Amino acid sequence: MLNSNKRALGVIFPNSYDALVPELVNVRLMASIPFASRYRLIDFVLSSMSNCDIDNISIMVNNNYHSLMDHLGSGREWDLVRKNGGLHIFPPFAEKESKPFIGRVGALASILDFLRQQKEKYVVMSDAHIAVNFDFNAMIDAHIASGADVTVAYNEQELPEYIKKSNDKGFYYTLSIDNGRVTKMYINSRETGIQNFGMNIYVVDRELLIDLVNTAFVRGQEFFERDILAPQLARLNVQAYKYEGYLARISGMKSYFDENMKLLDDYNLDGLFSGAPIYTKIRDDNPTRYINGAKASNVMVADGCVIEGEIENSILFRGVKVAKGAKVKNCILMQDTVIEAGVNIEYLITDKSVTITAGKEMKGTDTFPFYIAKHHTV
Amino acid sequence: MEVPWEEAPRFGLMVADENDRITEFQEKPKNPKSNLASMGIYIFNWDILKKYLTEDEADPNSENDFGNNIIPNLLRDNRKMYAYHFSGYWKDVGTISSLWEANMEVLDPEHSGINLFDDNWKIYSRNSGMTGHKISSDAVVENSMITDGCRVKGNVKHSILFAGVQVEKGAVVEDAVVMGGTVIKSGAVVKHCIIAENVTIGENAVVGAMPEGDSAGVATVGAGIKIGNNAKIGPNAMVNKNVEDGEEQC
């Protein structure tokens, strides 16, 4: 095999935490949510893996994955078109008796045969709800140096209020760490103050993973963290790997809005993008045109836009049109949104191809931005 | 393509009869007999082209030039050559001023007729892979075209910025074409000029000037050049060496 000299293969779970952003995943999944004016969330983990020479990547889609497949194509943009390895998209196995998997155990159990046939010694696993420019090689080095069975990435931060309120919609994990080793994993903690907040990024020996998943699956267990790691912390050497760089964790509509807006600050934007390049699907748009009469202040704008009105404190994705006399303030306008003449909007998130017709006035608030679903005309 | 008579000497020109059959071809003549310029686009019958290229290659006196040899030889032999009239936007950007003009025409498609914005007839190019561009709250942007990776904190008016251009606070860019990766430092004034890739324009430096009277020169700064702080570059300058702080060139 050509890729037998590679250390690790990647597995990505693009549906994780879908339930936290029900509006945005109505027509897609977490991984294909548009972010930062021209990217989808999966671009960050996928580019990071590709940049670290991980070129055998499996994507365990569960549902609503049309938009993701359209976005990924053959994987060319991430240089993942390979004869050996490359990009594998694994849809749920459809048998009469089987139902779609819920957690990572079910997902991995469905590809055990595939995992057995691979040559890489390690498996790197990640969700796609965090936009981060991650150096997987540094983490794999740490995993090898410590002799761990499993290494888990975490960052230090307070738990966001909105994630504490959403504990029925997905598990999140905090860690107790003693001298680098994880001694306890807490599920959906309500603690205040700085926590060791798990990033759901793991490095694990491939053969050990197969073993652990096999055992858990036959016992009917579902979740890698809750059912495999947490109960076995005394037996398994689980090491913590601290990530200190910039990250944007999407854990609700409000955090989606805030994490986009944070990128208007160059310090944050550079924090996310100054590492290795982040690739995305290319649209071959024209540069953005500012026509006479346009006003722009504190905005991030992708290519392909035509601005004739006023835009302020906003993020515009590719191909957005803002007509004469329109005012756009504190908004996120996704791809091909059309804002017609004289419209006045604030704190609005428009999904792809939304049209706001002439003269309309709509205002959400800082704590509750309004959301308009894909293809709707207001 | 019909070109203005005063520009005709820059082109290969055709004289054609009422059936558009070409009767004469002049390559960049001093005294043009026609203003029908060749766009350099030909369709040949393959066997004819092969024959004339082979013969031309074997001729020690030939300049091996399309306009000077191949086309005249075809005319000499009375081969059938016809002109095809193109009426859309076309511009030979072989001079600094025509390159500058063509860029400015992109900003005014209604009058210039150039249309790069047809979704059914896309113009493809390399993609920079940079993030969306940023316009800060200190910036003023008017009638300009801006692409990925740019960071604008100064004033940009009637200009074209390529990928990754930075315009710092208080800088002024007007009627300018600024290519990829160039940094225009705070207080610098850049007008009516073409700045190539990865140039640094120092603080409070002045490059080019808006046309006044007879002087309508388009200043140019070559790739990778550093223009020092407070330096002054006149409207006719072609800068291809680094310029010291405070230095003046006209």
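Axis angle, to the nearest 10 degrees, between helix A:42-51 and the longest C-alpha principal axis of chain A: 60 degrees. The stretch between B:Asp92 and B:Asn198 holds 35.6 nm of extra length on full extension. This uses 0.36 nm per residue minus the Cα-Cα distance.
Checking every one of the trypsin sites (Lys or Arg not before Pro) in region A:1-95 against DSSP loop status and a limit of 11 other Cβ atoms within 10 Å picks out A:Lys83.
Exposed loop sites here mean chymotrypsin sites (Phe, Trp or Tyr not before Pro) with a DSSP loop assignment and at most 12 other beta-carbon atoms within 10 Å; chain B contains its longest site-free run at B:125-250. Extending 7 Å from the Cα toward the beta-carbon at both B:Asn242 and B:His111 defines two label points whose distance is 4.1 nm. The mean sequence distance of close C-alpha pairs (under 8 Å, at least 6 residues apart), as a share of the length of chain B, puts its relative contact order at 9 percent. Exposure proxy ranking for B:Cys193, A:Cys331, B:Cys250, based on other Cβ atoms within 10 angstrom of each Cβ and starting from the fewest, stands as B:Cys250, B:Cys193, A:Cys331. Once a ≥ b ≥ c are taken as the square roots of the eigenvalues of the Cα gyration tensor of region A:87-209, is the result rounded (a/c under 1.5), prolate (a/b larger than b/c) or oblate (a/b not larger than b/c)? Verdict is oblate for region A:87-209. Applying a threshold of 20 Å to the alpha-carbon distances of B:Lys185/B:Lys241; A:Lys295/A:Lys329; A:Lys329/B:Lys122; A:Lys321/A:Lys360; B:Lys91/B:Lys134; A:Lys184/A:Lys254 flags A:Lys329/B:Lys122; B:Lys91/B:Lys134; A:Lys184/A:Lys254 as lying beyond it. With q set to 0.18, 0.21, 0.23, 0.24 Å⁻¹, the log10 of I(q)/I(0) for region A:152-235, from the Debye formula over equal scatterers at the Cα positions, is -0.83, -1.06, -1.21, -1.27.
Taking the convex hull of the alpha carbon atoms in chain B, what volume per residue do you get, in Å³? Dividing the Cα hull volume of chain B by its residues yields 186 Å³. DSSP beta bridges confined to the protein assembly as shown are antiparallel in about 30 percent of cases.
For region A:202-219, backbone phi angles converted through the Karplus equation (6.51, -1.76, 1.60; θ = phi - 60°) give residue-by-residue couplings of 10, 10, 9, 5, 4, 5, 5, 4, 4, 4, 5, 5, 4, 4, 5, 5, 5, 8 Hz, Gly and Pro being listed as x.
In region A:11-40, which residues have a backbone nitrogen under 14 Å from the label point lying 7 Å from A:Ala373's Cα in the Cα-to-Cβ direction? Label zone hits: A:22-28. Sequence-distant contacts, meaning Cα pairs under 8 Å at least 6 residues apart, place the relative contact order of region B:154-250 at 20 percent.
Summary: within chain B, the longest segment free of trypsin sites (Lys or Arg not before Pro) located in DSSP loops with at most 16 other C-beta atoms within 10 Å is B:170-240. One chain, two ends: B:Asn229 and B:Asp17. Fully extended at 0.36 nm per residue, the span grows by 70.4 nm beyond their Cα-Cα distance. Per residue, the convex hull spanned by the Cα atoms of region A:289-372 measures out at 64 cubic angstrom. Note: relative contact order over chain A, using C-alpha pairs below 8 Å and six or more positions apart, is 15 percent.
Evaluated at q = 0.29 Å⁻¹, the base-10 log of the normalised Debye intensity for region B:1-56, with identical point scatterers placed on the Cα atoms, takes the values -1.09. Listed by Cβ neighbour count within 10 Å, with the fewest neighbours leading, B:Ser98, A:Ser110, B:Ser125 appear as B:Ser125, B:Ser98, A:Ser110.
Note on the protein assembly as shown: helix-only mean residue ellipticity at 222 nm, from DSSP H runs of 4+ residues weighted -39500 (n - 2.57) and normalised by residue number, equals -5000 deg cm²/dmol. Placing a label point 7 Å from the Cα of B:Glu7 along the Cα-to-Cβ direction, the residues of region B:24-49 whose backbone N falls under 14 Å from that point are B:35-40.
Restricting attention to region B:51-123, which GluC sites (Glu not before Pro) occupy a DSSP loop and are surrounded by at most 13 other Cβ atoms within 10 Å? Qualifying residues, ordered by number: B:Glu63. Counted over chain B, the DSSP beta bridges are approximately 20% antiparallel.
Taking GluC sites (Glu not before Pro) as exposed when their DSSP state is a loop state and no more than 15 other Cβ atoms lie within 10 Å, the longest site-free interval of chain A runs over A:245-378. Applying the Karplus relation 6.51 cos²θ - 1.76 cosθ + 1.60 with θ = phi - 60° to region B:58-64 yields 3J(HN,Hα) values of 7, 8, x, 8, 7, 7, 6 Hz, where x marks Gly and Pro. Based on the Cβ-Cβ distance of B:Arg126 and B:Tyr84, what FRET efficiency does E = 1/(1 + (r/R0)^6) give at R0 = 25 Å, to the nearest 0.05? For R0 = 25 Å, the calculated efficiency reads 0.25. Compared with the rule-of-thumb size 2.2 N^0.38 Å for a compact globular protein, chain A has a Cα radius of gyration ratio of 1.02.
Among B:His158, A:His129, A:His143, a tally of other beta-carbon atoms within 10 Å of each Cβ gives an order, fewest to most, of B:His158, A:His143, A:His129. Evaluating 6.51 cos²θ - 1.76 cosθ + 1.60 at θ = phi - 60° for every residue in region B:120-134, the Karplus couplings come out as 8, 9, 5, 9, 8, 8, 5, 9, 6, x, 8, 5, x, 7, 10 Hz, glycine and proline recorded as x.
Bear in mind these aren't lab numbers, they're just calculated from the coordinates by the rules spelled out. Just so it is clear, the structure is predicted and the values come from calculations on it, not from any experiment. Every residue, glycine as well, gets a Cβ built from its backbone with ideal geometry; the counts of neighbours run over all protein chains shown.
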